[in-house]
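*Asks:* There's a structure below that I have some questions on.
The values are calculated or read from the model by the stated rules, or taken from the named source; none is laboratory data. Because the structure is a prediction, the values reported are computed rather than measured. Here the Cβ positions follow ideal geometry from the backbone for every residue, glycine too, while neighbour counts run over all protein chains shown. SASA here: full protein model, heavy atoms, side chains in, ligands and nucleic acids out. Shrake-Rupley method; radii C 1.70, N 1.55, O 1.52, S 1.80 Å.
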Amino acid sequence: MDKALMRILILGGTGEASALVRGLPPGLDATLSLAGRTSAPKAEPVPTRSGGFGGAEGLGAWIVEHRIGCVIDATHPFAARISANAAQACAATGTTLLAIRRPAWDPVPGDRWIDAADMAAAVLALGDTPRRIFLTVGRLEVGAFAVAPQHDYVVRAIEPIGDALPVPRLTTIAARGPFDVQAETAFLAERGIAVLVSKNSGGAATYGKIAAARALALPVVMVRRPAKPAVASVADAAGALDWLKAL
Ligand code: NAP
């Protein structure tokens, strides 16, 4: 491997980033970067830094200061800003960039998906008639649903949501996946859920709720992914490890 490529910055916060740092060959000098949103992140076997860099310029300066030869963008499909910053910073500093772009979920027979271009469209898709909604869009996105207080919301997020969703009928559950399909099916049935709202995150860790909604013939408002820059990419951590070995 080219010596200049041996210092690696991995932009993480995902299962792929965790799998990648666990599979790295010895001798690589890798740093994992987290946004710092989760108060007790999982311990990882490489040095970890936390918090924003200060935009694309800040990330570029960090890359230069730490003599990074290669950046792997292993962020979540909905983390669009950091991926745009990574593309811009790597282009500006001449740094090799690889992205892990997790494939989106596609509907299969039996799915009752309602496509939503973004979170605002997802709110509108719920309609005016009050229904019990299972919201699994993440703590930072639930606020969009405050404009539809007629619904009864069950929210599940990794961190407590505080007062992010000020509606009269709200149940919050703090939990971190993976969640299997049997548990999700029982959960949806016990809670009397009528509609599920989900980001099209892709991957296996949170697919249980999608399969469970299908089993119960429940509609799913599926929020489309934001655009990410077109850069060299692989689908998963194994692909990134193969790419690193081939350097
Ligand atoms: P975002 O909107 O793309 O990023 C917002 C800002 O947060 C960035 O401009 C950057 O700040 C900082 N940031 C994001 N990821 C970072 C990282 N890995 N290391 C250092 N700084 C980072 O991102 P987001 O949607 O808020 O997601 C934040 C983190 O949570 C990401 O690491 C992502 O992989 C993870 N995550 C997100 C979701 C989701 O649904 N969005 C779900 C699961 C996990 P500066 O501009 O100051 O550098």
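*Asks:* About its Cα centre, what dipole magnitude does region 1-80 give when the only charges are +1 on Lys and Arg Cβ and -1 on Asp and Glu Cβ, stated in debye to the nearest 20?
*Replies:* 180 debye
*Asks:* Sorting check: for 192-199, 107-114, which peptide has the highest mean count of neighbouring beta carbons within 10 Å, and how do the rest follow?
*Replies:* Peptide ranking by packing, descending: 192-199, 107-114.
*Asks:* Kindly provide log₁₀ I(q)/I(0) values, in the same order as q = 0.07, 0.14 Å⁻¹, from the Debye equation applied to equal alpha-carbon scatterers of the chain.
*Replies:* The computed values of log10 I(q)/I(0) come out as -0.27, -0.95.
*Asks:* Please identify the helices of the chain, taking whole runs of DSSP H, that span at least 18 Å along their own axis as judged from the Cα atoms and have a mean Kyte-Doolittle score of -1.0 or higher.
*Replies:* Membrane-span-like by this rule: 80-93.
*Asks:* Could the peptides 201-208, 156-163 be put in order, highest first, of the mean number of other beta-carbon atoms found within 10 Å of their residues? The partial results should precede the final answer.
*Replies:* Numbers: 201-208: 17.1, 156-163: 15.1.
So the peptides 201-208, 156-163, ranked by packing, come out 201-208, 156-163.
*Asks:* In nm, to one decimal, how far is the modelled label at Arg81 from the one at Arg224, with both set 7 Å along Cα→Cβ?
*Replies:* It works out to 2.2 nm between the two label points.
*Asks:* So, one more: Obtain the radius of gyration and the Kirkwood radius of region 1-51 from its C-alpha atoms and give Rg over Rh. Write down the numbers at each step before the final one.
*Replies:* Details: Rg = 11.2 Å, Rh = 11.5 Å.
Over the Cα atoms of region 1-51, Rg/Rh equals 0.98.
*Asks:* Place +1 on the Cβ of every Lys and Arg and -1 on the Cβ of every Asp and Glu in the chain, take the dipole about the Cα centre, and give the residue among Ala43, Leu244, Asn85 whose Cα lies farthest towards its positive end.
*Replies:* Ala43
*Asks:* Using unit Cβ charges (K, R positive; D, E negative) and no other charged atoms, how large, in debye to the nearest 20, is the dipole of region 132-247 about its Cα centre?
*Replies:* It comes to approximately 200 debye.
*Asks:* Using a 1.4 Å probe over the heavy atoms of the protein chains, calculate the carbon and sulfur portion of the accessible area of region 153-214 as a whole percent. Present the calculation step by step, with values, prior to reporting the outcome.
*Replies:* Details: 1550 of 2750 Å².
So the carbon and sulfur contribution to the accessible surface is 56 percent.
*Asks:* Hey, can you find the accessible area per residue of region 1-89 for me, probe 1.4 Å, expressed in square angstrom? Can you show the working numbers first?
*Replies:* Working: 4240 Å² over 89 residues.
For region 1-89, the solvent-accessible area averages 48 Å² per residue.
*Asks:* Next question. Test of understanding: what is the full-extension gain from Gln88 to Glu65, defined as 0.36 nm times their sequence separation minus their Cα-Cα distance?
*Replies:* Working: separation 23, 0.36 × 23 = 8.28 nm, distance 1.66 nm.
Length difference between fully extended and current span is 6.6 nm.
*Asks:* Pull up all non-local amide H partners of Ile114: gap of 5 or more, or a different chain, and H-to-H distance under 5 Å with H placed in the peptide plane.
*Replies:* Those lying under 5 Å, H to H, from Ile114 are Val220, Val221, Met222.
*Asks:* Also: For region 1-75 and region 190-207, what is the centre-to-centre distance using only Cα atoms, to the nearest Å?
*Replies:* Cα centroid to Cα centroid, the span is 29 Å.
*Asks:* Choose one of Pro168, Gln182, Leu9: the residue whose Cα lies farthest towards the positive end of the charge dipole of the chain (beta-carbon charges +1 Lys, Arg; -1 Asp, Glu; about the Cα centre).
*Replies:* The listed residue farthest towards the positive side: Gln182.
*Asks:* Separate question: Between Leu247 and Lys42, what is the label-to-label distance in nm when each label sits 7 Å out along the Cα-to-Cβ direction?
*Replies:* 2.3 nm
*Asks:* What is the ratio of the Cα radius of gyration of region 112-223 to 2.2 N^0.38 Å, with N the residue count, to two decimals?
*Replies:* So the Cα radius of gyration is 0.96 times the expected 2.2 N^0.38 Å.
*Asks:* Given a 1.4 angstrom probe, what's the average accessible area per residue across region 112-223, in square angstrom?
*Replies:* Computed with neighbouring chains in place, this is 44 Å² per residue.
*Asks:* What's the magnitude of the charge dipole for the chain around its Cα centre, counting Lys and Arg as +1 and Asp and Glu as -1 at the beta-carbon? Answer in Debye, nearest 20.
*Replies:* Rounded to the nearest 20 debye, it is 120 debye.
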